[in-house]
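Here's the structure, in structure tokens; my notes come after.
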Ligand code: XMP
């Protein structure tokens, strides 16, 4: 390991993540560990330079009071305790330190070096992955989302053709998305990429299904089935790579995170398909994942891609999916993305997309009555997707998008703008 490290021990504070991020923003690597980590386990973590005990008011985890292993206080390692008097600590703070306080502890007390950067991280991971995998093969479901794309790029660098990527096109991708996965990974990075065109299969399963939850379940289950079929065709795969990132882990608590990691039957794959996991982004926050992707040479559009639900356009083609309306969603979404990019809104708005309901309205086209679908535009801002506000789009931009959708998208005669914040509405319509 090249990076020095400050360990934050989780004594129940909700602000552990913020603290770890603040330390990383000083250029020093930081990780969160469960409160009962032992001295030996801590020593194994690499270049440990300091420990912060952060327990909030009561030092409670799940309502139970917690303490750290007493031997920790005898370690030859600077320690800071926040919110809780501990006589043996080098430094005692009543509240979380500000940037200056944190700098003093990290640099003056712990003598940590600011050597946390993406180049070092990638070098470390390349080495770790090579050591873990040896000459074995690794399988990766490459959706084209940010996390799986960055995992792919990193593993291609580490093990080249020993990585087998499977891209399942369920027919619910955005316009040009599968093509760009093939272009970037197969053509430019020379990846071992298996492309599975499963559009007909998914649409067949979804035919006539209008209930949103059933649609989601069918898409999820079918995805695993297709991936599993591909995995069974391949020989000699021992590892499964996953785009698990740090927030996935710490949101479920550092204690449960340990359990999640040792659990190897992943993503609903059947018991008899046993893989060990390769998770090179395990310790990265989302913005670090993006920085890692850029450092690895992935295109900006891929790295800064907006969030896209697993069930894809399937939850935006409302009710029972038909090809006709799915195309209307895909084409209108492409126009929306083009015009948002032209207006600079792609960098400003968190998520934007179109949805097409399963009813028609009356209109006029070429002096004759027409009976066609509406397109709904949605553009929202949020920090954590738990609540969201509506972006106030400039009128001329909306008019231009409306005009283009009505002219260019078949079977559409009306465009609406969704003004509903979350709550009460969710971001997606289904
Ligand atoms: P809602 O509609 O619940 O969406 O307000 C919140 C955020 O989550 C995304 N979303 C999903 N992401 N798989 C995902 O990976 C899913 O099944 C899924 N459903 C919703 C949604 O796009 C929004 O960003």
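The values are calculated or read from the model by the stated rules, or taken from the named source; none is laboratory data. On a predicted model such as this, the values are computed, not experimentally measured, just so you know. In this analysis, Cβ positions are derived from the backbone assuming ideal geometry, glycine residues included, and neighbour counts consider all displayed protein chains.
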- Count - residues of the range 340-354 that are surrounded by fewer than 21 Cβ atoms within 10 Å (Cβ to Cβ), on the phi < 0 side of the Ramachandran plot and more than 15 Å from the ligand (Cβ to nearest atom): 7
- Note on the structure: Restricting attention to the range 393-429, the residues that are over 22 Å from residue 312 (Cα atoms), in contact with a helix residue (DSSP H, G or I) (Cβ under 8 Å, 6 or more places away or on another chain) and in a loop (DSSP other than H, G, I, E, B) number exactly 1
- Test: residue in the range 364-371 that is within 15 Å of the ligand (Cβ to nearest atom) and either under 18 Å from residue 212 (Cβ atoms) or modelled with pLDDT of 95 or more (or both): no
- Message: Tally up the residues in the range 387-418 that are away from the ligand (no atom under 13 Å from the Cβ) and within 26 Å of residue 321 (Cβ to Cβ), please.
- Response: 16
- Restricting attention to the range 290-327, which residues are within 12 Å of the ligand (Cβ to nearest atom) and more than 15 Å from residue 180 (Cβ to Cβ)? 307, 309, 310, 311, 313, 314, 315, 316
- Query: Which residue pairs have Cβ atoms under 9 Å apart, sit 6 or more places apart or on different chains, and have a first residue in the range 411-430 that is assigned by TED's automatic domain parsing to the domain that holds residue 355 and on the phi > 0 side of the Ramachandran plot and a second that is exposed (fewer than 14 other Cβ atoms within 10 Å of the Cβ) and at pLDDT 95 or above?
  - Reply: 411/324
- Task: Identify all residues within the range 135-168 that are touching a helix residue (DSSP H, G or I) at 6+ places or on another chain (Cβ under 9 Å) and at positive phi; write none if there are none.
- Result: 144
- Please specify each residue of the range 350-392 satisfying the condition of being outside any strand (DSSP E or B), in contact with a strand residue (DSSP E or B) (Cβ under 6 Å, 6 or more places away or on another chain) and within 14 Å of residue 418 (Cβ to Cβ). 391
- Task: Taking only the range 386-410 into account, find how many residues are within 13 Å of residue 372 (Cβ to Cβ) and touching a residue at least 40 places away in the same chain (Cβ under 8 Å).
- Result: 3
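So that you can scan it fast, the table gives a plain yes or no per residue for (1) within 22 Å of residue 333 (Cα to Cα); (2) away from the ligand (no atom under 14 Å from the Cβ); (3) over 22 Å from the mean Cα position of the chain (by Cα); (4) surrounded by fewer than 22 Cβ atoms within 10 Å (Cβ to Cβ):
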{"position": "145", "(1), (2), (3), (4)": "yes, no, no, yes"}
{"position": "178", "(1), (2), (3), (4)": "yes, yes, no, yes"}
{"position": "191", "(1), (2), (3), (4)": "no, yes, no, no"}
{"position": "201", "(1), (2), (3), (4)": "no, yes, yes, yes"}
{"position": "212", "(1), (2), (3), (4)": "yes, no, yes, yes"}
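Could you say whether any residue in the range 149-169 is assigned to a loop (DSSP other than H, G, I, E, B) and touching a residue at least 12 places away in the same chain (Cβ under 8 Å)? I'd like the intermediate steps shown before the answer.
Within the range 149-169, the first condition is being assigned to a loop (DSSP other than H, G, I, E, B), and the residues that meet it are none.
Checked against the condition, which is being assigned to a loop (DSSP other than H, G, I, E, B) and touching a residue at least 12 places away in the same chain (Cβ under 8 Å), the range 149-169 yields no hits at all.
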- Determine, yes or no, whether residue 374 is surrounded by fewer than 17 Cβ atoms within 10 Å (Cβ to Cβ), modelled with pLDDT of 95 or more, away from the ligand (no atom under 16 Å from the Cβ) and in the same structural domain as residue 326 (by TED's automatic domain parsing). no
- residue 361 passes all but one of (1) touching a residue at least 24 places away in the same chain (Cβ under 8 Å); (2) more than 13 Å from the ligand (Cβ to nearest atom); (3) within 26 Å of residue 173 (Cβ to Cβ); which number fails? (3)
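Output the number of residues of the range 333-349 satisfying the condition of being in a helix (DSSP H, G or I), more than 18 Å from residue 177 (Cα to Cα) and within 22 Å of the chain's Cα centre (by Cα). Lay out the reasoning, then the answer.
Residues of the range 333-349 that are in a helix (DSSP H, G or I), as a first pass: 333-342, 345-347.
Checking which are more than 18 Å from residue 177 (Cα to Cα) leaves us with 342, 345, 347.
When the remaining residues are screened for being within 22 Å of the chain's Cα centre (by Cα), the result is 345, 347.
So the count comes out to 2.
Answer yes or no as to whether residue 138 is in a strand (DSSP E or B) and either within 16 Å of the ligand (Cβ to nearest atom) or at pLDDT below 95 (or both). Give the steps one after another, and end with the answer.
Values: in a strand (DSSP E or B): yes; either within 16 Å of the ligand (Cβ to nearest atom) or at pLDDT below 95 (or both): no.
Criteria not met by residue 138.
Quick one: count up the residues across the range 291-302 that are surrounded by fewer than 20 Cβ atoms within 10 Å (Cβ to Cβ) and in contact with a helix residue (DSSP H, G or I) (Cβ under 6 Å, 6 or more places away or on another chain). Spell out how you get there, then give the answer.
Start the filter on the range 291-302 by keeping residues that are surrounded by fewer than 20 Cβ atoms within 10 Å (Cβ to Cβ), which leaves 291, 294-297, 299-301.
Then drop every residue that is not in contact with a helix residue (DSSP H, G or I) (Cβ under 6 Å, 6 or more places away or on another chain), which leaves 291, 294-296.
Residues in the range 291-302 being surrounded by fewer than 20 Cβ atoms within 10 Å (Cβ to Cβ) and in contact with a helix residue (DSSP H, G or I) (Cβ under 6 Å, 6 or more places away or on another chain): 4 in total.
Suppose we filter 255, 261 for residues that are over 24 Å from residue 120 (Cβ atoms), away from the ligand (no atom under 15 Å from the Cβ) and either modelled with pLDDT under 90 or in contact with a helix residue (DSSP H, G or I) (Cβ under 6 Å, 6 or more places away or on another chain) (or both); which single one remains?
On the way: 261 fails: over 24 Å from residue 120 (Cβ atoms).
After ruling out the rest, the residue left standing is 255.
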